[in-house]
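Let me begin by presenting the structure, written as structure tokens, before commenting on it.
The values are calculated or read from the model by the stated rules, or taken from the named source; none is laboratory data. Treat the numbers as computed from the prediction; the structure is a model and nothing was measured. Reconstructed Cβ throughout: ideal geometry from the backbone, glycine too, with neighbour counts over all protein chains shown. Calculation scope for accessible area: heavy atoms of the full protein, side chains included, ligands and nucleic acids excluded. Shrake-Rupley method; radii C 1.70, N 1.55, O 1.52, S 1.80 Å.
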Amino acid sequence: MWELFTHASNLFFSVSLCLMLLLGIFECLLLLLGSSSQGFLDQFIPEGVGDSKNLGIDLDTDHNLFVQFLDWLYLGRVPVLVWLIIFLTVYALFGFIMQSLYFAFTQQYLALWIAAPACLFLCMPLVRVSAAAIAKILPKDETTAIYSEELIGRTALIILGEAKQNYPAQAKVLDQFGQTHYVLVEPELNIIFSQGQEVILTQKTANGFQAIQL
């Protein structure tokens with residue numbers, strides 16, 4: 001076992017296992033001090049990872065594929081530190097098992113330059129499955145934040161001024177959580193919305209929403 005761990009062909013797997021242990025110890029020490037590395041690590045996640053279905057921006061194809069790949073790996077759906085520990089653990093164990101099986105048949109280990117990238121590629125589905133399993137048992141942060149597009153189809157009340165095409169007025173609308181949002185509303189058709197009138201939001205505009213009469 002010790003030879004498996006210290007053999008030069010298994011260097012990357014041994015380092016990964018040691019890094020996993022060091023990260024765990026480091027995080028435990030931070031927690032004892034009342035801190036955490038999680039907020040620091042989160043800033044390195046590309047925008048949109050963990051919420052790719054709700055992206056409101058246009059991404060170039062290469063970047064979009066990269067974000068989708070990270071999202072597929074559940075990066076962003078579990079804390080980054082937890083994901084790193086999962087990845088390092090799976091990568092190391094998968095590598096040791098692969099090398100052990102190869103040694104059992106050939107009495108030698110795969111070369112490092114073959115074993116390391118091959119294991120990195122082959123272990124990704126296991127990383128995803130492990131992260132998905134952890135994501136199901138970790139407590140999730142509850143939030144009532146919504147995207148503005150989610151207000152479309154809801155009823156708004158004009159509270160200030162008259163709304164004409166290209167001249168919006170202020171209105172208030174309740175979201176699904178009962179929170180009040182103040183938005184600018186203009187009619188979709190060539191009509192006028194008066195103060196106190198209820199309208200239905202139909203689509204998002206650059207400045208607010210268009211609406212139709214209730």
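Assuming residue 115 fulfils every condition listed in (1) open to solvent by less than 50 Å² (accessible area, probe 1.4 Å); (2) outside any helix (DSSP H, G or I) apart from one, which condition is it?
Among (1) open to solvent by less than 50 Å² (accessible area, probe 1.4 Å); (2) outside any helix (DSSP H, G or I), the lone unmet condition for residue 115 is (2).
Taking the stretch 165-175 only, how many residues are open to solvent by 90 Å² or more (accessible area, probe 1.4 Å) and either part of a loop (DSSP other than H, G, I, E, B) or not hydrophobic (A, V, I, L, M, F, W, C) (or both)? Spell out the reasoning first.
Of the stretch 165-175, the ones open to solvent by 90 Å² or more (accessible area, probe 1.4 Å) are 166-167, 174.
So of that shortlist, the ones also either part of a loop (DSSP other than H, G, I, E, B) or not hydrophobic (A, V, I, L, M, F, W, C) (or both) come out as 166-167.
The qualifying residues number 2.
Considering only residues that are over 10 Å from the mean Cα position of the chain (by Cα) and open to solvent by 20 Å² or more (accessible area, probe 1.4 Å), which ones fall in the stretch 69-85?
69, 82, 83, 84, 85
Pairs under 6 Å by beta carbon, first residue of a type in the set (Asp, Glu) in the stretch 120-147, partner surrounded by 12 or more Cβ atoms within 10 Å (Cβ to Cβ) and modelled with pLDDT of 65 or more, six or more apart or different chains?
Sorted first by the residue in the stretch 120-147, then by its partner, the list stays empty.
Among residues belonging to the stretch 192-209 that are of a type in the set (Val, Ile, Thr) and either open to solvent by 50 Å² or more (accessible area, probe 1.4 Å) or part of a strand (DSSP E or B) (or both), point out the one that is nearest to residue 164 (Cα to Cα).
Within the stretch 192-209, the subset of a type in the set (Val, Ile, Thr) is 192, 199-200, 202, 205.
When the remaining residues are screened for being either open to solvent by 50 Å² or more (accessible area, probe 1.4 Å) or part of a strand (DSSP E or B) (or both), the result is 192, 199-200, 202.
Values: 192: 5, 199: 13, 200: 15, 202: 15 Å.
In this case the residue turns out to be 192.
Considering 132, 156, 104, 206, which residue is farther than 30 Å from residue 79 by Cβ, within 27 Å of the chain's Cα centre (by Cα) and among the small types (Gly, Ala, Ser)?
Working: 132 fails: farther than 30 Å from residue 79 by Cβ; 156 fails: within 27 Å of the chain's Cα centre (by Cα); 104 fails: within 27 Å of the chain's Cα centre (by Cα).
Every option except 206 fails the conditions.
I need the full set of residues from the stretch 162-214 which are within 17 Å of residue 152 (Cβ to Cβ) and among the aromatic types (Phe, Trp, Tyr), in order please. Quick ask: steps written out before the conclusion?
Narrowing the stretch 162-214 to residues within 17 Å of residue 152 (Cβ to Cβ): 163, 168, 171-177, 179-189, 193, 198-214.
Scanning the stretch 162-214 gives 177, 182, 193, 209.
Please work out which one of (1) out of contact with any strand residue (DSSP E or B) (no Cβ under 9 Å at 6 or more places or on another chain); (2) not in a helix (DSSP H, G or I) is the condition residue 150 fails and give its number.
Checking residue 150 against (1) out of contact with any strand residue (DSSP E or B) (no Cβ under 9 Å at 6 or more places or on another chain); (2) not in a helix (DSSP H, G or I), the one that fails is (2).
Does residue 182 qualify as being under 17 Å from residue 147 (Cβ atoms), of a type in the set (Ser, Thr, Tyr) and open to solvent by 90 Å² or more (accessible area, probe 1.4 Å)?
On the way: under 17 Å from residue 147 (Cβ atoms): yes; of a type in the set (Ser, Thr, Tyr): yes; open to solvent by 90 Å² or more (accessible area, probe 1.4 Å): yes.
Judged against the criteria, residue 182 is a match.
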